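Taking it in order: structure first as structure tokens, then the write-up.
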Amino acid sequence: MKAIRVVQFGGPEVMQLKNVPDPEPGPSQVLIHVRAIGVNPVETYIRAGRYPNLTLPFTPGTDVAGEVAKVGEQVRHLKFGDRVYSSGSVTGAYANMTICEATDVHPLPLTASFTEGAALGIPYGTAWRALFQRARAVPGETVLVHGASGGVGTAAVQLARAAGLAVIGTASSERGAQLVRDLGASHVLNHSKPDYLTEVLKITEKRGVDIILEMLSNVNLGKDLGILARNGRVIVIGSRGKVEIDARELMVRDAEVRGMLLFNVSARDKVAIHAALQAGLESGTVKPVIARELALEDAARAHELIMEPGASGKIILVP
């Protein structure tokens, strides 16, 4: 089969399309014939060497959709030919075939395309966990989604609206802002403007927001605390450095800052996440926004595009 291999850490150009042996699943594993691959920002950090425990060479990625090609002897809930998507990969996702642990393979309803299925794992898993497992969101609350036009952001807007939350989103382009409005946000702010967060207090009549999903906490966290409602929660999804905050802003609001990393999810919480996502696919409340589809050999270009400012929607590789 063909697979993208990272032979050394570095820029997008270190990814090379290679011929490699077809993998064989172990007793608790599943071999998937890959039809679509989701590209995620974390994969650019891994490729660049920011996760030093990886052994070279390796194939990037975790999120695919396709058909079951083979199952291990202990696997009972899946069979040859089943349409599935993954939330993890043992051998890497950027390939014609991938091996996943059976617990990371989920049925893909007929209401969803393979392209949509490949967009679920990290973005929708992150958004669902952030909203409902870490922030404990309830209907009627207001959530501010930073970077609402990106992969996790669009997922969060859809999931929050479907659950009865009011959504304020941010984006840096009019195209991105319109996308966020179309997904159901009541207000969209331009986060390229220096004072954009002051609008939040006007929108909420000085009450503030109940939940903030923070994608770039080293830039925004200190300012986020000043627009929280009493008992508000900031969920830190992303950060690229250190930040200084005034802890009194938390004290006067009885507020919380909570971190999250999807890879920390327990087996029980993972079952809950994907049961909810499958139900959303079937009902139509989960509908991934696909920005662009590229061939597998264009993986380097996909890594360039996903890190560009103002990116909106999901980038998919198609073998």
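Data for the structure
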read-out	value
Within the range 6-23, tally of residues that are open to solvent by 60 Å² or more (accessible area, probe 1.4 Å), touching a strand residue (DSSP E or B) at 6+ places or on another chain (Cβ under 8 Å) and either without any contact (Cβ under 8 Å) to a residue 40 or more places away in the chain or assigned to a strand (DSSP E or B) (or both)	4
Whichever residue in the range 276-319 is of a type in the set (Gly, Ala, Ser) and part of a loop (DSSP other than H, G, I, E, B) and, among such residues, is nearest to Leu110 (Cα to Cα)	Gly284
Where a residue in the range 298-319 is open to solvent by less than 20 Å² (accessible area, probe 1.4 Å) and its partner, wherever it lies, is among the charged types (D, E, K, R), with Cβ under 6 Å and at least six apart	Ile315/Arg292; Ile316/Glu293
Unmet requirement for Lys193, which otherwise passes all of (1) in contact with a Ser or Thr (Cβ under 6 Å, 6 or more places away or on another chain); (2) open to solvent by 60 Å² or more (accessible area, probe 1.4 Å)	(1)
Residue ranges of strands (runs of 3 or more DSSP E) in the range 130-246 with at least 1 members at pLDDT 95 or above and of a type in the set (Lys, Arg)	228-236
Selection from the range 55-65 of residues that are open to solvent by less than 70 Å² (accessible area, probe 1.4 Å) and either touching a Ser or Thr at 6+ places or on another chain (Cβ under 8 Å) or in a loop (DSSP other than H, G, I, E, B) (or both)	Leu56, Pro57, Thr59, Pro60, Gly61, Thr62, Asp63, Val64, Ala65
Leading residue by the ranking (modelled with the lowest pLDDT) among those in the range 247-275 that are open to solvent by 60 Å² or more (accessible area, probe 1.4 Å) and in a loop (DSSP other than H, G, I, E, B)	Leu261
Qualifying positions in the range 276-297 - within 19 Å of Ile37 (Cβ to Cβ), of a type in the set (Val, Ile, Thr) and open to solvent by 50 Å² or more (accessible area, probe 1.4 Å)	Ile290
In the range 90-111, the residues that are open to solvent by less than 30 Å² (accessible area, probe 1.4 Å) and either closer than 15 Å to Val39 by Cα or outside any loop (DSSP other than H, G, I, E, B) (or both)	Gly92, Ala93, Tyr94, Ala95, Thr98, Ile99, Cys100, Ala102, Asp104, Val105, His106
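The values are calculated or read from the model by the stated rules, or taken from the named source; none is laboratory data. All figures in this text were calculated on a predicted structure; none of them were measured in a lab. Cβ atoms come from the backbone with ideal geometry, glycine included; neighbour counts cover every protein chain shown. Only protein heavy atoms, including side chains, enter the accessible area calculation; ligands, DNA and RNA are left aside. Shrake-Rupley method; radii C 1.70, N 1.55, O 1.52, S 1.80 Å.
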